[in-house]
Amino acid sequence: MHSFFPAELLNSIRVLELKDERVPNPPYQARAKERGHALMLDFTHKAEIAHPGLIIFQQEPIPRLLFHGLVHVVQYRMLGLERYLELYVRAFLRSGVYVNVPLEVHAFQLGERFAQDPSTPFSVQSEVEDWIRTGRY
């Protein structure tokens with residue numbers, strides 16, 4: 001991953017692989033559903049969950065999943081947690097499907113590029129900077 005991400009980021013991130021357990025959905029989701037809110041992210045079905053300093057794997061952490069999680073960590077750090085969450089939630093509420101959220105679209109695109117040729121390095125940070133600068137998130 002050193003050919004794609006800054007060493008500082010790679011050295012600071014922690015990884016947790018869960019065995020025989022899943023990250024539960026937050027307690028507020030049940031209350032929100034009772035109040036008629038149907039659109040909710042289901043954390044129990046996600047393969048990985050990224051946070052600014054931690055990536056949690058709920059299945060085997062293959063390189064492509066690690067790459068995807070690291071892209072989100074770069075996005076978090078460059079946008080800031082509050083802006084990242086605002087962009088994510090607004091896009092999710094608009095589309096109703098998390099794979100249509102531009103932050104996810106970009107992570108999937110970069111992950112595909114990585115998977116097709118992991119021997120050709122590129123800077124994920126530069127790619128994220130470009131999407132921020134051009135307003136694509």
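Tell me whether the range 117-129 contains one or more residues that are buried (at least 17 other Cβ atoms within 10 Å of the Cβ), farther than 20 Å from PRO6 by Cβ and either of a type in the set (S, T, N, Q) or modelled with pLDDT of 95 or more (or both). Within the range 117-129 (the criterion being buried (at least 17 other Cβ atoms within 10 Å of the Cβ), farther than 20 Å from PRO6 by Cβ and either of a type in the set (S, T, N, Q) or modelled with pLDDT of 95 or more (or both)), the answer is no, since none of the residues qualifies. Residues that are in contact with a helix residue (DSSP H, G or I) (Cβ under 9 Å, 6 or more places away or on another chain) and hydrophobic (A, V, I, L, M, F, W, C) number at least 3 in the following helices (runs of 4 or more DSSP H) confined to the range 1-111: 63-79, 81-95. May I ask you to verify whether PHE92 is touching a residue at least 60 places away in the same chain (Cβ under 8 Å) and either in contact with an Asp or Glu (Cβ under 7 Å, 6 or more places away or on another chain) or within 23 Å of ARG136 (Cα to Cα) (or both)? So PHE92 does not fit the description; no.
Whether any residue in the range 27-46 is under 23 Å from MET78 (Cβ atoms) and surrounded by fewer than 12 Cβ atoms within 10 Å (Cβ to Cβ) is what I want to check. Within the range 27-46, not a single residue is under 23 Å from MET78 (Cβ atoms) and surrounded by fewer than 12 Cβ atoms within 10 Å (Cβ to Cβ).
Please tell me if GLY80 is small (Gly, Ala, Ser), within 14 Å of the chain's Cα centre (by Cα) and on the phi > 0 side of the Ramachandran plot. Yes; evaluated as a whole, the condition is true for this residue. Of everything in the range 25-67 that is of a type in the set (Phe, Trp, Tyr) and at pLDDT 95 or above, the residue that is farthest from MET1 (Cα to Cα) is PHE57.
In summary, TYR137 fulfils each of the numbered conditions (1) among the hydroxyl-bearing types (Ser, Thr, Tyr); (2) over 19 Å from PHE5 (Cα atoms); (3) loosely packed, with under 15 Cβ neighbours inside 10 Å; (4) at pLDDT 95 or above with the single exception of condition (3).
The condition of being over 14 Å from the mean Cα position of the chain (by Cα) and surrounded by 13 or more Cβ atoms within 10 Å (Cβ to Cβ) holds for VAL23.
The values are calculated or read from the model by the stated rules, or taken from the named source; none is laboratory data. Everything quoted here is computed from the prediction, not taken from an experiment. Quick reminder, even Gly has a Cβ in these numbers, built from the backbone with ideal geometry, and neighbours come from all protein chains shown.
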